Structure formats: structure tokens, C-alpha cells
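Reviewing the structure listed below.
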Amino acid sequence: MKVSIVIPAFNEEKLIARSLQAVREASDAFVARGWEWEVVVCDNNSTDRTREIAAGACARVVFEPINQISRSRNKGGFAATGDWLVFIDADSFPSRRLFERTAEEISKPDCAGGGCLVRLDEARALANMFVGLWSTLSRMMRWAAGSYIFCQAEIFRELGGFSEKLFVSEEIEFSQRLKKAAREKRRRVVIITDERLVTSARKMHLYKPREHARFMLKAFLFPRRVLVDRTECAPWYDGRR
């Protein structure tokens, strides 16, 4: 068994070293099972030291010139050589226990993929309310958070990866197609609930509450226009880090 950890990264010099260190330590869970593992970082046209830091941490670095999260995930996912893919954001920090739980799930023959619940690396009331709402939806709908998605590589390729029509919410659209494929194969999609991924709360500092609220309202009212327009998705693409 080989697991590929795929990390899309755009101007992540502040956090990617910490993320890669967490990945290395957590990957002891795979080594303990006698599994191979690799890290593939997709440099999504960064203008800072992201690529240099990733390469220095012994990650395999690939390049995606078009700045789009789904393209970056796909470039890394299709370049990976593992039997299973684990997509992790460059501002997230998995624990060994999370990788152990992931290994337990993907060892089961009926597992097609899934995700886990998340928690922020600092307590902020508004953000925690949003995370709580997302956790409920994730459990009910079996939607994987974009910061942690695992999938059998064969199924990922069959599905053609993430939709490159979308600039955000590509993880939800992918989760929907993954669930359909799993049903057809009489398999399942699982959301790990007993161990959470720690992820950065930096967007709470970088954007004012009214900016978050404005985006959420527009995305809710006009999803077909907003989610496919890079200029409408500022919190992911305007470069604030």
C-alpha cells in the first residue's frame, strides 16, 4: 500500500513548513503498518518561497500555472503515485491519530474515500459557529472539507478529479460525485468524527466579518455566478496571507 499526501499551495511560505512537519510526524501511522508514503506539493504559481521550502522539506513539487484550487489539487493528484490520495491544505496540521484513523478506514474493502471534521487552531466565536454548522452538514451529507479529503486513486482518476469550473466549493461537488461512484460500486464514503484536523484561523484575521458575510450571501443567492468567478472568491484568491 502507498499513500500520497497532496498539498496544493499558493504563497504559503508562512505556514507550509509547519504543515509539512506535521505531515511527516503523522505519517509514522503509515510506516507502522509497513506502508509507503509520499508528499506531493503543487506550487500554484506562488511568488514567494513556497516551492523552495517544500523542496527543502523533501516534498516532490509540481507546478500549476493557473491559480485555481481545483486545478492545483488535480495537478498534484494526477502526479501522485499512491494507491490512495489524501488532500491536505497547506495551512492545516494533521495529527498521527488522524492518519491512524484514515488508515483504519482505507484498509476496509468497502471504503471509497471520505474526510474528517475540522477545528481551528485558535478559539474565535464567529468562526467556531461556522465550523459547527459545517460539521453538522459534513456528518449529514458526507461532504468532505476541502482541507482533508481522502480517496482511492483509481476512483479519483475515474471521476476526473475536481471540477475545474469551480473556484470554490469544489470539495462539495467532488464529494457528491464520490458518493455516487461509491454507491455504484457498493462502497461507502466516511467522515471521521472522532479525530479532527487542526487548520489555521488566519482568514478570521485577514478578512472582516462583513467580508465573509458578503461572500456567503452572494454564494447562497447566486451560486452559479459566484462559484465559477475567480474575482468573486476574494478570500481564496486576492493574495492576502
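Relative to the compact-globule estimate of 2.2 N^0.38 Å, the Cα radius of gyration of the range 91-145 comes out at 1.29. Once backbone amide H atoms are built at 1.01 Å from N, VAL41 has ILE7, ARG60, VAL61, VAL62 as its partners under 5 Å, excluding neighbours fewer than 5 places away on the same chain. In terms of overall dimensions, the range 122-241 has a Cα radius of gyration and Dmax of 15.5, 45 angstrom. Normalised by the number of residues in the range 109-215, the mean separation of alpha-carbon contacts (under 8 Å, six or more apart) gives a relative contact order of 45 percent.
Distances between placed amide hydrogens fall under 5 Å for VAL118 paired with LEU197, all partners being 5 or more residues away or on another chain. Kirkwood radius, the range 50-144, all distinct C-alpha pairs, inverse of mean reciprocal distance: 15.9 Å. Counting only protein heavy atoms and a 1.4 Å probe, the range 1-96 has 39 square angstrom of accessible area per residue. DSSP beta bridges fully contained in the range 54-213 are about 55 percent antiparallel. Extents of the range 1-93, taken as max minus min of Cα coordinates on every principal axis and listed largest first, are 38, 24, 19 Å.
Using a probe of 1.4 angstrom, how much of the accessible area of the chain is carbon and sulfur, in percent?
On the chain, the fraction of accessible area on carbon and sulfur atoms equals 54 percent.
Of all alpha-carbon pairs in the chain, indicate the percentage at a distance above 32 angstrom. Above the 32 Å cut-off, the chain has 13 percent of its Cα pairs.
Both radii come from the Cα set of the range 194-241: Rg as radius of gyration, Rh as Kirkwood radius; their ratio Rg/Rh reads 1.04. Seen from every direction in turn and averaged, the convex hull around the alpha carbons of the range 116-179 projects onto 4.8 nm². If a spin label sat at a point 7 angstrom from the Cα of THR81 along the line to its beta carbon, the backbone N atoms of the range 41-71 nearer than 12 Å would be those of 60.
Please give the Cα centre distance for the range 47-106 versus the range 108-175, rounded to the nearest Å. Between the Cα centre of the range 47-106 and that of the range 108-175, the gap is 15 Å. When peptides 110-122, 128-140 are sorted by average Cβ neighbour count within 10 Å, with the highest value leading, the order is 110-122, 128-140. Label zone of GLU154 (point 7 Å out along Cα→Cβ, amide N under 14 Å): in the range 166-202 this covers 182, 185-188.
All Cα-Cα separations within the range 52-105 were binned at 10 Å from zero, giving a P(r) of 18, 48, 30, 3, each value a whole percent of the pairs.
The values are calculated or read from the model by the stated rules, or taken from the named source; none is laboratory data. Keep in mind that what you see is a predicted model, and the values were worked out from it rather than measured. Counting neighbours? That spans all protein chains shown, and the Cβs are built from the backbone with ideal geometry, glycine included. Heads up: the accessible areas ignore ligands, DNA and RNA and are worked out on the full protein's heavy atoms, side chains in. Shrake-Rupley method; radii C 1.70, N 1.55, O 1.52, S 1.80 Å.
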